[in-house]
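Just below is one structure, and these are the notes that go with it.
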Amino acid sequence: MDFTFKLDNVIELDDGFVFTGSLSWDDSAFPSGKGMLAEAAIPTLTDESGQKIPIEQVQVNGTYDEHHAPWSYRTDRKTFAGPLTLSISSIKTSVTESAVDFAIDFGSNPQIGQTLEINHDFTVDGHTIRLLSVSLSPVPSTCQGIAIDFNFRGDAPGIGAYLGDALPVTPMVCAPSSVVEAVVADRWTRMFFPPIQLTRIFPAVCIISPMNVIVPHEVQGPWQVTWNRR
């Protein structure tokens, strides 16, 4: 399933063992080819009889990247029956689906404080994300310009979105780009535009493209590695 669960080292301590390894994956692990881990995949440790052995996470010195997550856990004792098995039953991911376009028209005289009630549903991979409203807002005091706020709501935990802007807009000094990523559920997405761009964007229809929807996807295992103390 394009995920690899690997045990690299076992370190013996006076009062237990430390197990270190990694979880790695390819883009093909995600249905759309784009995604990331939604949360850490925490393994369980069992003995020969299937009895669960308590473990706790310890600091990892390994390098994290977009296709590799190191892990490290330790036991609080050293006496076990038979070989030990580390296993992961499932892996929770967030998958970025294909982008969709939509248009917002603020009319011929857009004003700060103006809000448009949209209430439009986008259905992606069996999930629905609703664009509730869009409004024009002042930017923080450290910036100059105007902001467009997008209010989204997802139908399940982990649903989110991020937006791209179809028009060529010069990034503001206070932000790394003209777009600040959207987040999950009822939180706001904000797009900043320098004031010089306002007349270019309005009163024409403002095309926001693309909107990428992020949906939760749980990959079922199990993944297992077994270690036998010599």
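Couplings 3J(HN,Hα) for the stretch 22-37, derived from phi with the Karplus relation 6.51 cos²θ - 1.76 cosθ + 1.60 (θ = phi - 60°), are 7, 10, 10, 7, 10, 4, 5, 5, 9, x, 8, x, 10, x, 7, 5 Hz, where x marks Gly and Pro. 3J(HN,Hα) along the stretch 50-55, derived from phi through the Karplus expression 6.51 cos²θ - 1.76 cosθ + 1.60 where θ = phi - 60°, amounts to x, 5, 6, 10, x, 9 Hz, with x in place of Gly and Pro. Between the stretch 100-156 and the stretch 1-67, the C-alpha centres lie 39 angstrom from each other.
Extension gain, Gln114 to Asp27: 0.36 nm times the residue separation minus the Cα-Cα distance gives 27.2 nm. Computed over the stretch 1-68, the P(r) tail beyond 19 angstrom holds 45 percent of alpha carbon pairs. A dipole drawn for the stretch 13-65 from +1 and -1 charges on Cβ atoms has a positive end, and of Ser32, Ile42, Gly21 the residue lying farthest that way is Ser32.
Quick note: the coordinates plus some simple rules give every number you see, no bench work behind them. Because the structure is predicted, anything quoted here is derived from the model rather than measured. Reconstructed Cβ throughout: ideal geometry from the backbone, glycine too, with neighbour counts over all protein chains shown.
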